[in-house]
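The values are calculated or read from the model by the stated rules, or taken from the named source; none is laboratory data. Since the model is a prediction, treat every value here as computed from it, not as a measurement. Reconstructed Cβ throughout: ideal geometry from the backbone, glycine too, with neighbour counts over all protein chains shown. Heavy atoms of the whole protein, side chains included, go into the accessibility calculation; ligands, DNA and RNA do not. Shrake-Rupley method; radii C 1.70, N 1.55, O 1.52, S 1.80 Å.
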Amino acid sequence: MNETQVLIEKITEGIQEKRGKNIVIANLSHIEDPICSYFIICEGNSPSQVDAIVDSIKEFARKGAKIKPFSIDGLRNAEWVAMDYADVLVHVFLPETRVFYNLENLWADAKLTTIPNID
């Protein structure tokens, strides 16, 4: 497993730890000139859950993949928080904000992998 795959696994575990839902991994690596190789998109039910998911992702990525995000944006209102791990961009949304921006369909050529919710 390469470093990026380990990072994706740890980010996914961090999301699941805080009961983040509807996780989708978009593989952009075969698209010409992508901004990154992967998007990971998920949602939390409230701004406080979005914050908790972001904190959990940071912790799992730091401990499990030995990497910290280059930047995090959107924490002020926690409707859409973007985390930049260079090769992997993580988007943590509130459900209505996710529907509005519809990132999954912006990258129609990406291979999408849906991770089942943990109940």
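Quick check on segment 82-96. Is at least one of its residues free of Cβ contacts under 8 Å to residues at least 12 places away in the same chain, out of contact with any Lys or Arg (no Cβ under 8 Å at 6 or more places or on another chain) and within 20 Å of residue 7 (Cα to Cα)? Yes, that holds for at least one residue.
For segment 21-44, which residues satisfy the criterion of being more than 17 Å from residue 101 (Cβ to Cβ), among the polar types (S, T, N, Q) and within 15 Å of the chain's Cα centre (by Cα)? Selection gives 27, 37.
Scanning segment 32-56 for residues that are open to solvent by 30 Å² or more (accessible area, probe 1.4 Å) and part of a helix (DSSP H, G or I) returns 47, 48, 49, 51, 52, 55. Residue selection: residue 29 satisfies the criterion of being of a type in the set (Ser, Thr, Tyr) and either part of a loop (DSSP other than H, G, I, E, B) or open to solvent by less than 10 Å² (accessible area, probe 1.4 Å) (or both).
In segment 72-119, the residue that is least open to solvent (accessible area, probe 1.4 Å) out of those that are polar (S, T, N, Q) and in a helix (DSSP H, G or I) is 97. Scanning segment 88-114 for residues that are in contact with a helix residue (DSSP H, G or I) (Cβ under 7 Å, 6 or more places away or on another chain) and at pLDDT below 95 yields a count of 1.
Just give me the residues in segment 16-37 being farther than 18 Å from residue 49 by Cβ and in contact with a strand residue (DSSP E or B) (Cβ under 8 Å, 6 or more places away or on another chain), in sequence order. Hits for segment 16-37 are 25, 26, 27, 28, 29, 30, 35, 36, 37.
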